[in-house]
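**Student:** Let me begin by handing over the structure; questions about it come next.
The values are calculated or read from the model by the stated rules, or taken from the named source; none is laboratory data. These numbers come from a predicted model, not from an experiment. Reconstructed Cβ throughout: ideal geometry from the backbone, glycine too, with neighbour counts over all protein chains shown. Note: areas computed on protein heavy atoms with side chains; ligands, DNA, RNA excluded. Shrake-Rupley method; radii C 1.70, N 1.55, O 1.52, S 1.80 Å.
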Amino acid sequence: MGGHAIAVAPAPAAPIYIVAFAIVAGDALGNLNHAPPLWTAVALASAAMLSMLASRHRLAILFAALALSAAAAAPVDRLLHPPPDRASVRRYSDGSTLTVEGRLAREIEQVGDRYRLFVQLEWTHAPGGRPERATGLIQLMSLFRPDCHIGDRLRVTAKLRFPRNNGNPGEFDYASFMARSGIAARMFVPAKSVIEVIPGPRDSFAALRERLRSRIAAFIDATLVYPESAEMRALVIGDRGGIDDALRDKFTLTGMAHLLVISGLHLGFVASAAFAIARLILALFPALMIRGHANKLAALAAAIAVITYSEIAGHHVSTVRALVMVLMYVAAIMLDRPREVLASLALAATMICLMIPGSTADIGAQLSFASVIAIILGMRLYSAWWRRWLARRVLIPHNAPRRYVLSGWFVGYLAVSFWALLGTAPLTAFHFNQFSIVGLIANAVVVPIIGAGGTVLGLAACALSFIWMAPARLLMLLAGQLLALGTLLAGWFEGLPGAWMRSFTPTPLEIALAYGSLMVFLLPSAHAAIAVSLSPRITARGVRLAAAAALTVAMIADGGYWLWQRYLNPDLRITFLAVGQGDGMVIQFPGARVMLIDAGGSQRDGFDPGERIVAPFLWSRKIMRVDYLVVSHPELDHFGGFIFIANNFHPREFWTIDAPSPDARYLELLETLASRRVRLRLIDTSAPPMTIGGVAIDFLNPPPDSHESRNNTSLVMALRFGMNRFLFTGDLEAKGERSMLERGADLRASVLKVPHHGSHTSSTAELIEAVHPALALMSLGYMNRFGLPDAGVMGRYRDAGVRVLRTDQVGAVMVNAAHERMRLSTYRAPPP
């Protein structure tokens, strides 16, 4: 009997998914500085209404989604680019000395050996001026912990500094991060006496919470020792100030950094424990079980537990975000929708973006949602595969032998870790430039020990300490032992050969391609829906193959582009990085070899310029190896970032001058290079010229002299490539300049790296005349304390008709040179 194929129309997407996608997309647009004007949202909403009245329902949904996106982008844009406000602290100039007065808005945070204080401004006045009303949140950085509490009034006089990026490709957007955190400006407080404290009320809820957290912290410190005390404080009250870099690295490099930050994982453990306990108690009441109220009441108990936990932990963004995610799932249970996990996640994403504008740029939010989505979709595939596997071996799957049941649980447990690792891999590569190979097993082993054991038992011990101290100490000691075991295992996993690997920074396109490929595999049902919507002749398999083919072609094209840029490009590319008050130049020779001249910027507040500035630029250019490390002279502002580069970029040779340095960090650098078998070259005028990738290199620095400063023996190099010539001068001063001129060195250059950051001790008129550059590059720290560049030096370059670019103004300067041409670009537009 014949029949007709009937095309089944795909079910429309649930409204919550459309709304969530639109709001998340709008939030992302705002973070990317592409927010449309607010009138666009009104116009699109009007178009949606007109389309609905005309019965064009699909068009109406499209316009409504676009209107939501435009509206969601607006608050993010206002956050990142606040409108003019006469009362705002932003009306003052950057670097001005100002007296500010306001109330301590948050608890004091410890960061290494410094303390952060957050002051909500009320009054300001400039020296000699009258007090004026002011608004804005100020972050004070203090070397000492003042005796103050939330609600106290603080008065401080210091220099005002606004958050600012250095201006390098690949760098972390610090300015936007501070704006999303609500911080308008910073001040550095060098001494405790600078802060005047006026006690405020102690009966507020915030003050009560602060006392409660202090009481819990004191109990933890009295019971546990480091590192368990620092870990327990991080897990219970969200205080991560005691966790040093060595401890943090054990978890970061093994893919378990989330264990030291209160996240959805920890709230999930607390919620699960509270739900299980409540469920056991409610089992004593059969009537509730029969009516189906037990799960709802247990979910309510779980909600109360996580709300209490988040209040104790403080209102960190990660904690609030995790709380919203957990509460949305609790709401699904209360509404008899426990299987609607994706819908709960979509609702959570909507709520988070509305409550905390700019959340799509938050690293924790990205990792949390990526991991949960990957786990949900991946475990659906795993469950379907396991049922098919079991059906082929057991006649009645529901009565499968115990070994099959246990095997399914064990493999499923590992599968959760696998999907979480796979789902977050593109983001960890983008944000942290690493991939934890051992993370699959490490998370499966350590997470239950620290998450379930340490967190749940630690919280229980803290709660019990308010009632009965003796058993509370015993319980806390047990929790501490679990943390010690977890830390020991994390260190063991970190030490395994090949436990983790560095990765270059993927571009947004590459991230999209990676997640597109993952979704092709994880969303088989979507292929059928797309096929039916396109044509009855198209199959789900055809859609899947077409999507895979398109993604493969795009990946090949992207890979070909970067293969050319990294290994085959015939041009000489030089980037003068903005490293603060120091030098840092990356030279990409024609072909593949790379040289780094200086990696400066002083290490301060735990800030490593090699890790935070130089390495991100290299990774963004797909550079995983730096062949030549060159230190112009052993001063910290020139070699400050080299240890990280030496440990992560496999250098072949290290060039420097024969000059001693009293800095212990320079000795540490030399020991690091020796341990990695890096060849050492001492460069002076006797060093023969070299050629790398067709680029000729001449060494022009004065001979070493024990009576000279290290500045005057700086390594000076001239690079010649076709008609273009570049001169790198380190911190050479006037005496060193004269020495080169007297020896008759050929100093002509198209581009001059200005010696000694434009100091008055350098850049003599004779040097400028001998070099006769078209362009002079000055590497400077923004508003540096040395007052550089010197006005007289700037005048000499101006009188000689030389164009001067400063890294403190334009950020990184990129020069691309062929044999007969040269192109110049800057990260920021040069000042007029």
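**Student:** Can you compute 3J(HN,Hα) from phi for each residue in segment 73-85, using the Karplus curve 6.51 cos²θ - 1.76 cosθ + 1.60 with θ = phi - 60°, rounded to whole Hz and x for Gly and Pro?
**Tutor:** 6, 4, x, 5, 5, 5, 5, 7, 10, x, x, x, 9
**Student:** Rg and Dmax of segment 1-153 over Cα atoms: what are they, in angstrom?
**Tutor:** Expressed in Å, the Cα Rg and Dmax of segment 1-153 come to 25.5, 99.
**Student:** In what sequence, highest mean first, do 306-313, 540-547 appear when ranked by Cβ atoms within 10 angstrom? Each step should come with its number before you reach the end.
**Tutor:** Details: 306-313: 20.1, 540-547: 16.1.
The packing order, highest mean first, is 306-313, 540-547.
**Student:** Taking Cα centroids, how far is segment 186-223 from segment 720-773 in Å?
**Tutor:** Each part's Cα centre sits 55 Å from the other's.
**Student:** May I have the extent of the alpha carbons of segment 241-299 along their three principal axes, as whole Å values ordered from largest to smallest?
**Tutor:** For segment 241-299, the Cα spread along each principal axis is 54, 19, 13 Å.
**Student:** Another question about this same structure. Note the direction-averaged projected area, equal to a quarter of the hull surface, for the Cα convex hull of segment 267-382, in nm². Don't jump to the answer; show the numbers that get you there.
**Tutor:** Numbers: hull surface 31.2 nm².
The directionally averaged projection comes out at 7.8 nm².
**Student:** Once amide H atoms are built 1.01 Å from N in the peptide plane, which residues 5 or more positions from residue 716, or in another chain, come under 5 Å H to H?
**Tutor:** Correct list: 700, 701.
**Student:** Let me ask you something else. For an R0 of 30 angstrom, estimate the FRET efficiency from the Cβ-Cβ distance between residue 380 and residue 276 and round to the nearest 0.05.
**Tutor:** Plugging the Cβ-Cβ distance into 1/(1 + (r/R0)^6) gives 0.75.
**Student:** For segment 416-474, what are the per-bin percents of Cα-Cα distances with bins 5 Å wide, up to the bin holding the maximum?
**Tutor:** Taking all Cα pairs of segment 416-474, the binned fractions are 4, 17, 17, 14, 12, 10, 9, 9, 7, 1 percent.
**Student:** Report the rotationally averaged projected area of the chain based on its alpha-carbon convex hull, in square nanometres. It would help to have the intermediate numbers written out before the result.
**Tutor:** Details: hull surface 183.4 nm².
Seen from a random direction, the Cα hull of the chain projects 45.9 nm² on average.
**Student:** Quick one: what are the phi-derived ³J(HN,Hα) couplings along segment 169-179, Karplus 6.51/-1.76/1.60 with θ = phi - 60°, whole Hz, x for glycine and proline?
**Tutor:** x, x, 7, 5, 7, 5, 4, 5, 4, 5, 5
**Student:** Quickly estimate the mean residue ellipticity at 222 nm for the chain, helices only: each DSSP H run with n ≥ 4 gives -39500 (n - 2.57), and the total goes over all residues, rounded to 500.
**Tutor:** Value at 222 nm, helices only, nearest 500: -15000 deg cm²/dmol.
**Student:** Take the solvent-accessible surface of the protein heavy atoms, probe 1.4 Å, and return the percent of it on segment 150-286 that carbon and sulfur atoms account for. Spell out each step's value before the answer.
**Tutor:** Values: 3840 of 6050 Å².
Reported share for carbon and sulfur atoms: 64 percent.
**Student:** What lysines sit close enough to residue 159 to cross-link, taking a C-alpha to C-alpha distance under 19 Å and skipping anything fewer than 8 places away on the same chain?
**Tutor:** Output for residue 159: 192.
**Student:** What shape does segment 316-384 take by its C-alpha gyration tensor, where a ≥ b ≥ c are the square roots of the eigenvalues and a/c under 1.5 counts as rounded, a/b above b/c as prolate, and the rest as oblate? Intermediate values should be presented prior to the final figure.
**Tutor:** On the way: a/c = 2.49, a/b = 1.35, b/c = 1.84.
It comes out oblate by the Cα gyration axes.
**Student:** List the residues, sorted by chain then number, that are 5 or more residues from residue 170 or on another chain and whose placed amide H is less than 5 Å from its amide H.
**Tutor:** Residues meeting the criterion, in which the H sits 1.01 Å from N, do not exist here.
**Student:** Sorted by packing (mean other beta-carbon atoms within 10 Å per residue), highest first, where do 638-650, 757-769 land? Intermediate values should be presented prior to the final figure.
**Tutor:** Values: 638-650: 23.4, 757-769: 19.8.
Highest mean packing first, the order is 638-650, 757-769.
**Student:** Now a separate question. What do you get for the angle between helix 469-495 and the principal long axis of the chain? Use alpha-carbon atoms, 0 to 90 degrees, nearest ten.
**Tutor:** Helix 469-495 sits roughly 60 degrees off the main axis of the chain.
**Student:** Over all distinct Cα pairs, what is the inverse of the mean 1/r for segment 712-761, reported as the Kirkwood hydrodynamic radius in Å? Before the final figure, lay out the partial values.
**Tutor:** Values: mean 1/r = 0.0890 Å⁻¹.
Final number for the Kirkwood radius of segment 712-761 is 11.2 Å.
**Student:** Per-residue HN-Hα couplings for segment 710-719, Karplus 6.51 cos²θ - 1.76 cosθ + 1.60 at θ = phi - 60°, whole Hz, x for Gly and Pro?
**Tutor:** Per residue, the Karplus-derived 3J(HN,Hα) values read 4, 4, 6, 10, 3, 5, 10, 10, 10, 10 Hz.
**Student:** Can you give the FRET efficiency to the nearest 0.05 for residue 56 and residue 738, using r as the Cβ-Cβ distance and R₀ = 60 Å?
**Tutor:** Details: r = 80 Å, r/R0 = 1.34.
E between residue 56 and residue 738, to the nearest 0.05, is 0.15.
**Student:** Kindly express, to the nearest 10 degrees and within the range 0 to 90, the angle between helix 363-391's C-alpha long axis and the longest C-alpha principal axis of the chain.
**Tutor:** Tilt relative to the chain: about 50 degrees.
**Student:** Where the centre of each part is set by its Cα atoms, how far does segment 404-461 sit from segment 122-150, in angstrom?
**Tutor:** 44
**Student:** How big, on average over all directions, is the shadow cast by the Cα convex hull of segment 20-75, in nm²?
**Tutor:** Working: hull surface 13.3 nm².
Average of the hull's projected areas for segment 20-75 equals 3.3 nm².
**Student:** Quickly rank 133-141, 35-43, 23-31 as a protection proxy: mean count of other C-beta atoms within 10 Å, highest first. Don't skip to the answer; put the middle values down first.
**Tutor:** Numbers: 133-141: 19.7, 35-43: 15.9, 23-31: 23.6.
In decreasing order of mean packing, 133-141, 35-43, 23-31 become 23-31, 133-141, 35-43.
**Student:** Give me the Å³ per residue figure for the convex hull around the C-alpha atoms of segment 669-754.
**Tutor:** On the way: hull volume 10.3 nm³, N = 86.
Taking only Cα atoms, segment 669-754 has a hull volume of 120 Å³ per residue.
**Student:** Leaving out ligands and nucleic acids, and using a 1.4 Å probe, what accessible area per residue does the chain come to in Å²?
**Tutor:** Details: 40250 Å² over 832 residues.
Heavy-atom accessible area per residue stands at 48 Å².
**Student:** What percentage of the solvent-accessible surface of segment 305-398, computed with a 1.4 Å probe over protein heavy atoms, is contributed by carbon and sulfur atoms?
**Tutor:** Values: 3130 of 4640 Å².
Ligands and nucleic acids excluded, carbon and sulfur give 67 percent.
**Student:** When the Kirkwood hydrodynamic radius is evaluated over all pairs of different C-alpha atoms of segment 116-218, what value in angstrom, to one decimal, is obtained? The partial results should precede the final answer.
**Tutor:** Working: mean 1/r = 0.0640 Å⁻¹.
Kirkwood radius, segment 116-218: 15.6 Å.
**Student:** Still on this structure, please answer the following. Please state, to two decimals, what the Cα-based radius of gyration of segment 587-703 comes to when divided by 2.2 N^0.38 Å (N = residues). Walk me through the numbers before you get to the answer.
**Tutor:** On the way: Rg = 13.9 Å, N = 117, 2.2 N^0.38 = 13.4 Å.
With N residues counted in segment 587-703, Rg over 2.2 N^0.38 Å equals 1.03.
**Student:** Find, to one decimal place in angstroms, the Kirkwood hydrodynamic radius of segment 90-139, where the mean of 1/r is taken over every pair of different Cα atoms and then inverted. Intermediate values should be presented prior to the final figure.
**Tutor:** Working: mean 1/r = 0.0835 Å⁻¹.
Computed over Cα pairs of segment 90-139, the Kirkwood hydrodynamic radius comes out at 12.0 Å.
**Student:** Using Cα pairs under 8 angstrom and six or more residues apart, how large is the relative contact order of the chain, in percent? Could the numbers behind the result be given before it?
**Tutor:** Details: 1506 pairs, mean separation 72.6, N = 832.
The normalised contact order for the chain reaches 9 percent.
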